[in-house]
Amino acid sequence: MAYKITGEYNKKYGTVNLSNLFVTEYMPGIGGNALKIYVLLLYYAKIGAKADEQSVANNLGMDLSYVSAGLIELESKGLISREGNELVLQDLVEKHIRDNYAPRTAPRPDNSESGDAPDRTHLLRAISDRFFGGQMSQSWYNDIVLWANTYDFCDEVVFMIFQQNKDKPYSRPYMKKVMEAYGERGIHTVEQMNNWLQRREVYVKVRSRVASNLKIDPLTVYQEKYIEKWFYEYGYGFDVIDIALKEAAGMNRPSFNLYDAMLTNWHDNGLETAEAVKAYVNSRKKASGNASGNSKGTGKKPSGNYDQRDYSQDFYDSIYGDGK
């Protein structure tokens, strides 16, 4: 009779094996959050546990957005791969042999004329495996290396850009424009990307509320440009923008030019909060009311100083034409 040989294993007091290759080759180049996530994933694999991003965040006391960014960082380094609902921890020994001794199908940026360009091998392989089923063409390899080096993107940022556009049909001209846009925003690191994404999430909510309040669906490209200006350039949230919408509600033909005139006026006067804007608007109305009362007693017209007027369609029309 043959026996099945088993041993006792206490999940709480067991050990997690950390590859020497990870310590020497990968650990110096990844962030602290990604390191914590990787070790926890090793532990989950060891005990055969299932987990999602939220449970990882809960176990590590980490914000969910940092977990998502950490997983992307690990994937861009080739430490993990995701296939549907399955997350695979790569065999680092096999990966090391494959990367260093198997024939290469991607260009080696570190053999370029500059001699100091980073080696993007792991990034290129990760993008090919994740987004092209391992069949990415040579032209994509060349373009990705060019974009990454031109805009000084770290590997994780390039991978995150592809991740954000995974639901769109990939084309090199389209991705070139996307990369240019991120380069113009000055995004080079994962931290900068995360900060921009968090701010973008807030902007999308502001844009949605503006469209809803004005009953405009969808917004035109030009209307969105106005909202982007108010949010990104002026730093105004919906609380301030909503004041402009309400102030213009009783006017004839309120338009985005009119809203923009108000918000630009407030920005130029150094008003940063809704409270400051409300106080400013009320003071103008009060001054306008006083000027109107004085003119009735003297028979004189109100002062022509625009700073003493209430926000009126005539005032903005005098600057922006007919308000269209």
Most exposed first, judged by fewest Cβ atoms within 10 angstrom, 160, 175 run 175, 160
Footprinting proxy, 91, 242: sorted fewest to most Cβ within 10 Å, the residues are 91, 242
Taking max minus min of the Cα coordinates of the stretch 9-102 on each principal axis, largest first, gives extents in Å of 39, 34, 28
Descending packing, highest mean Cβ count within 10 Å first, for 192-202, 146-156, 59-69 is 146-156, 59-69, 192-202
The long-range amide H neighbours of residue 80, using H built 1.01 Å from N in the peptide plane and a cut-off of under 5 Å, are 75, 90
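No lab work stands behind these numbers, since they all come straight from the coordinates. Nothing here was measured: the structure is a model prediction, and the numbers come from that model. Note: ideal-geometry Cβ built from the backbone for every residue, glycine included; neighbour counts use all protein chains shown.
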